[in-house]
Amino acid sequence: MKPDTSGVVDSILSKARLMAGKAIDKDRNEGKARILIAGKTGVGKSTLLNAIFSEDLAKVGVGEPVTQEITEFERDNFPLIIADSKGLEGEDYEAIVEDLKSYVEQSIRTGDEKDAVHFAWYCVAGDGARYEDGEANIVQTLSEAGIPVVIILTKGRIFRGDGFREGSKEAELRDYIMQKSGDFIKGVVLVRSESEEDEDDDGNIIFKKPKGLDTLIQVTERYLAQGKQNAFIQALNVRNETALKLKEDAAREVVNWATAAATAAAAAPLPGADILALSPIQGIMLYKIGNHYGVNTEGTNWTNVITAVAAPLVAGMVARSVVGGLFKLVPVGGTIVGGIISGSSAGVVTKMIGESYIDVLNSLAREAIAKGEPTNIAPELAFNNLADAIRRKKQDK
Ligand SMILES: Nc1nc2c(ncn2[C@@H]2O[C@H](COP(=O)(O)OP(=O)(O)OP(=O)(O)O)[C@@H](O)[C@H]2O)c(=O)[nH]1
Ligand SMILES: [Mg+2]
């Protein structure tokens with residue numbers, strides 16, 4: 001007779017559910033990040049947003065005019081709100097400044113974190129345009145409202161590496177801006193948001209790749225309000241190396257959380273525990289990691305996914321074990337002995353699943369980028385590759 005472990009499994013299951021629930025609550029409370037983007041018409045705001053974020057919010061999002069000049073774009077299940085300040089053309093800066101003032105004051109007045117503006121990108125055309133006093137006024141207004149501001153020189157032509165080339169027109173404009181607004185900004189970043197056709201010295205057509213976006217992502221992440229970095233990182237598309245790196249780091253934090261949670265949930269050494277008891281934690285882990293890489297997992301049955309993914313980790317007769325609701329774990333990294341699952345081996349299994357998932361998503365993202373394909377990853381593809389990766393890892397052992 002096998003010992004009846006159902007009570008133990010139930011207890012792990014309820015602990016795992018509790019921990020998964022807490023992780024979701026934390027996300028909810030941290031909420032969305034709101035970025036205000038402003039600058040004259042045609043300066044390249046929409047193009048920049050498309051180059052950086054994984055959703056074309058201005059196209060797919062619901063735009064709600066919140067003041068005369070400002071429209072907010074938002075979408076369900078997307079952690080970013082873009083406040084797009086339109087109509088900065090013409091000479092009527094006073095009205096615009098007043099409008100921006102009342103917008104940011106309104107968001108401060110409610111005192112509600114969800115109404116706050118967390119960052120502002122002020123765009124100036126880098127291709128020879130000027131930086132006007134009215135614009136400096138806007139920047140100062142935003143800064144005095146406590147919003148971190150970065151000035152972006154768009155349509156940059158002359159770069160050195162990912163930044164300015166000293167002596168260039170762009171560098172001159174930067175120096176002028178620093179002199180005017182240096183006290184109110186976190187920096188001036190030069191970007192080229194879309195690749196540009198040019199001619200080399202022999203008249204051959206060459207393409208200059210987008211530039212400066214990695215620097216912009218770094219600066220923004222660094223100065224973004226506490227607790228909002230995760231939302232920002234999640235909203236980035238994977239095309240920029242910096243974004244991919246930040247996503248990987250954030251995903252590793254998720255794995256560390258889940259590893260600790262699984263270890264704690266299965267605190268006592270157990271005679272053969274059900275890995276499915278940990279599926280709430282592992283499901284949340286995969287869900288949160290996937291969010292960073294644009295895997296749309298709405299409606300996913302996580303227990304099924306975890307069952308499929310963990311199958312290679314389960315000894316021998318998978319079908320019987322699944323039917324019985326009990327998994328006998330095989331040794332992973334030598335830590336699971338004789339079907340006993342301790343807290344630490346629950347952690348080892350969880351960590352292995354999480355790290356494999358990060359590897360899988362990183363390579364899917366890189367493949368899509370190399371082929372110039374859209375980088376949203378289909379969940380079936382992600383889960384199949386994850387199951388394959390785990391099977392391969394197990395064979396290597
Ligand atoms: N060469 C080059 N062209 C750019 C760049 N960014 C934007 N453009 C072009 O500039 C034009 C205007 O870009 P948008 O992104 O629509 O400008 P916007 O600021 O959103 O304009 P409004 O929404 O009207 O305020 C488009 O034709 C873009 O293709 C860039 O980095 N380099
Ligand atoms: Mg636009």
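The values are calculated or read from the model by the stated rules, or taken from the named source; none is laboratory data. Since we're looking at a predicted model, the values are computed, not measured. Don't worry about glycine lacking a Cβ; one is built from the backbone with ideal geometry, like all the others, and counts go over all protein chains shown.
Restricting attention to segment 121-137, the residues that are away from ligand 2 (no atom under 16 Å from the Cβ) and crowded, with 24+ Cβ neighbours inside 10 Å total 2.
Within segment 40-51, being within 11 Å of ligand 2 (Cβ to nearest atom) and either within 18 Å of K211 (Cβ to Cβ) or in a helix (DSSP H, G or I) (or both) holds for V43, G44, K45, S46, T47, L48, L49, N50. Residues that are in a helix (DSSP H, G or I) and at pLDDT below 90 occur in segment 289-303; there is at least one. Restricting the first member to segment 101-129 and to residues that are within 16 Å of ligand 1 (Cβ to nearest atom), and the second to residues that are assigned to a loop (DSSP other than H, G, I, E, B), the beta-carbon pairs closer than 6 Å and six or more apart or on different chains are A120/I147; C123/V43; V124/Y131; A125/V43; A125/K155; G126/K155; G126/G156; D127/K155. Residues in segment 306-323: is at least one closer than 22 Å to E253 by Cα, modelled with pLDDT of 85 or more and surrounded by 18 or more Cβ atoms within 10 Å (Cβ to Cβ)? No; the residues of segment 306-323 include none that is closer than 22 Å to E253 by Cα, modelled with pLDDT of 85 or more and surrounded by 18 or more Cβ atoms within 10 Å (Cβ to Cβ). Within segment 201-231, being assigned to a loop (DSSP other than H, G, I, E, B) and touching a residue at least 12 places away in the same chain (Cβ under 8 Å) holds for K209, P210, G212, L224, A225, G227, K228. Selection within segment 16-39: residues that are more than 16 Å from ligand 2 (Cβ to nearest atom) and in a strand (DSSP E or B). The member of this set that is surrounded by the most Cβ atoms within 10 Å (Cβ to Cβ) is A33. Among the residues of segment 167-181, just one is part of a loop (DSSP other than H, G, I, E, B) and either in contact with a Pro (Cβ under 9 Å, 6 or more places away or on another chain) or over 23 Å from I217 (Cβ atoms) (or both), namely G167. Among the residues making up segment 175-210, a single one is surrounded by fewer than 17 Cβ atoms within 10 Å (Cβ to Cβ), of a type in the set (S, T, N, Q) and either under 30 Å from the mean Cα position of the chain (by Cα) or outside the structural domain of E135 (by TED's automatic domain parsing) (or both): S195.
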